[in-house]
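The values are calculated or read from the model by the stated rules, or taken from the named source; none is laboratory data. Everything numeric here is computed off the predicted structure, so don't read it as measured data. Note that we place each Cβ from the backbone using ideal geometry, even for glycine, and neighbour counts take in every protein chain shown. Just the protein is used for accessible areas: all its heavy atoms, side chains included, with ligands, DNA and RNA removed. Shrake-Rupley method; radii C 1.70, N 1.55, O 1.52, S 1.80 Å.
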Amino acid sequence: MTGTVEQSTVRGRVAVVTGSTSGIGRTIARTLAESGAGLMLNGFGDAGDIEAQRAELERRCSVRVLYSDADMRRPEQVRTMLSRAGDELGPVDILVNNAGIQHTSPVEAFPDQAWDDIIGVNLSAAFHATKAAVAGMKQRGWGRIINIASVHGLVASVDKVAYVAAKHGLVGMTRVVALETAGSGVTCNAICPGWVHTPLVMAQIEARAGAAGIAVEQATRDLLLEKQPSGAFTTAEEIAGAVLFLCSRAAANMTGTTLSLDGGWSAQ
Ligand code: NAD
């Protein structure tokens, strides 16, 4: 059989993408809508911008697109978002746990609140969303749970204790859910990007430029050279392509894996 990658299994499905008002999640959401999935957007931002994003996708892609302002730090809001998606869009087939935040500081100075928030958004929200969605997927015999982890789910860096702990936890959770759903038609995988040029990384580049007293362009080059051998950012479009691949027939028997899109970072 040929063409398994191209064979779209997305059209007519319902997808929830957490943290899809910016960066990687926004591009994943757009790609899923363009492939014919009904969509629940989620995340923070300017209400007018988010409504413009929602309405544009709905009009251009001829799919239903809803928005939830659920705060991923709050389990009851995660559950409410999933049940609203089920009620208003139909059973959730594709769950992309993407929302994520960062804070950098040595462990002895790491603020307790930043630890709680990062674990809440980057790890616990994925648990609560998966818990709410997986039984229905198993019952219907098809589902895709895609966790946007990070190269920091596989290796560590200094000053990122909460982020690295959360992303390693997310990779572990991916493997458990994959085992528990094996043979049911549901798969669960993690995508592990290296540096991607998004607002989350821009904040880190600007902090490095400020601390070293160098230009943002130099700080950007230094950041890439330090960890990412390709010397290039991974793009949000490449990550969205990996999401589509995981939804395709070619990936039907692929579960519990990590897909590294990191320019060779984790090969070192
Ligand atoms: P981003 O800052 O551009 O977007 C983050 C999204 O999450 C936004 O929509 C934001 O509103 C949302 N969000 C934040 N806190 C939230 C909360 N409490 N409740 C609901 N939504 C919330 O970041 P990004 O770079 O696109 O990151 C997306 C994911 O990719 C994250 O999980 C991040 O860890 C991961 N990642 C990013 C990179 C990178 O280099 N940018 C690399 C590896 C992994």
Extension reserve of the Asp222-Arg74 stretch, reckoned as 0.36 nm per residue once the Cα distance is removed: 49.6 nm
If you roll a 1.4 Å probe over the heavy atoms of the protein chains, what accessible area per residue do you get for region 148-268, in Å²? 43 Å²
If we count every other residue with Cβ under 11 angstrom of Gly90's Cβ, Lys/Arg +1 and Asp/Glu -1, where does the sum land? 0
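Can you tell me, using C-alpha contacts under 8 Å and at least 6 residues apart, the relative contact order of region 223-268 as a whole percent?
In percent, rounded to a whole number, it is 53.
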In nanometres, what is the gap between the two model label sites at Gln113 and Ala252, each 7 Å from Cα along Cα-to-Cβ? 5.0 nm
How much length, in nm to one decimal, is gained on full extension between Leu200 and Lys138, taken as 0.36 nm per residue of separation minus their Cα-Cα distance? 18.9 nm
Rounded to the nearest percent, how much of the accessible area of region 136-268 (1.4 Å probe, protein heavy atoms only) is carbon and sulfur? 57 percent
Can you give the Rg/Rh ratio of region 1-154, where Rg is from the C-alpha atoms and Rh is the Kirkwood radius? 0.99
Reduced to Cα centres, the span from region 238-260 to region 133-202 in Å works out to 12 Å
Under a 1.4 Å probe, counting only protein heavy atoms, Val14 has an accessible area in Å², nearest 10, of 10 Å²
Can you give me the accessible area per residue for region 1-126, using a 1.4 Å probe, in Å²? 46 Å²
Please report the accessible area of Ser266 (heavy atoms, 1.4 Å probe, ligands and nucleic acids excluded) in Å², nearest 10. 50 Å²
Within region 59-74, name every residue whose backbone N is under 16 Å away from a label modeled 7 Å from Cα of Asp87 along the Cβ vector. 66-70
